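Asker: Below you will find the structure I want to go over with you.
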Amino acid sequence: MIRLRPDQRETYLRLHATVWPSVEQTLREANFRNYTIFLHDDLLFGYYEYVGEDYDADLRLIAADPQTQEWWKLTDPCQESLAEPGSGDWWAPMREVWHLADEAVGPAPDPAPQGSGS
């Protein structure tokens with residue numbers, strides 16, 4: 001989660017309407033999938049699925065990419081970090097409090113028995 005600076009809202013939305021293909025490709029190469037950024041008022045919420053085996057190494061791969069560095073020079077001024085000072089995070093991590101898991105695959109349960117009423 002991160003705050004979107006109100007005076008930079010249109011710039012940020014314009015940039016994300018046409019994300020650079022090279023930035024998207026770097027994210028894919030770093031094993032990020034289904035990456036989505038949601039906006040609510042002035043808060044941005046990011047969601048992605050990581051399918052790799054070395055998250056820290058993949059984060060370093062992203063950070064080392066010159067095109068991604070240029071992208072961040074454009075997008076970072078649009079944001080105000082909410083992360084704990086000194087944490088090293090730019091986006092503040094969010095704690096999961098609930099998750100609806102996929103239902104187990106199998107036969108459907110029998111319907112409730114029909115009674116004569118209650």
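The values are calculated or read from the model by the stated rules, or taken from the named source; none is laboratory data. Owing to the predicted nature of the structure, the values given are computational and were not obtained by experimental measurement. We place every Cβ from the backbone using ideal geometry, glycine too, and count neighbours over all the protein chains shown.
Asker: Taking interchain pairs and intrachain pairs at least six residues apart, which have beta carbon atoms under 9 angstrom, with the first residue in region 1-18 and farther than 19 Å from ALA83 by Cα and touching a residue at least 24 places away in the same chain (Cβ under 8 Å) and the second acidic (Asp, Glu) and loosely packed, with under 15 Cβ neighbours inside 10 Å?
Answerer: Qualifying pairs under 9 Å: ARG9/ASP42.
Asker: Tell me, please, whether a residue that is farther than 12 Å from CYS78 by Cα, part of a helix (DSSP H, G or I), without any contact (Cβ under 8 Å) to a residue 40 or more places away in the chain and among the acidic types (Asp, Glu) can be found in region 27-36.
Answerer: yes
Asker: Filtering region 75-96 down to residues that are of a type in the set (A, V, I, L, M, F, W, C) and surrounded by 13 or more Cβ atoms within 10 Å (Cβ to Cβ), which residue is farthest from the chain's Cα centre (by Cα)?
Answerer: CYS78
Asker: Which of (1) out of contact with any Asp or Glu (no Cβ under 9 Å at 6 or more places or on another chain); (2) among the acidic types (Asp, Glu); (3) at pLDDT 95 or above is the odd one out, the single condition ASP110 does not satisfy?
Answerer: Going through the list (1) out of contact with any Asp or Glu (no Cβ under 9 Å at 6 or more places or on another chain); (2) among the acidic types (Asp, Glu); (3) at pLDDT 95 or above, ASP110 breaks only (3).
Asker: Next up: Given the condition surrounded by 11 or more Cβ atoms within 10 Å (Cβ to Cβ) and within 27 Å of HIS99 (Cα to Cα), answer yes or no: does some residue in region 62-70 qualify?
Answerer: No.
Asker: Name every residue in region 1-54 that is within 17 Å of GLN67 (Cα to Cα), surrounded by fewer than 14 Cβ atoms within 10 Å (Cβ to Cβ) and β-branched (Val, Ile, Thr), in order of residue number.
Answerer: THR18
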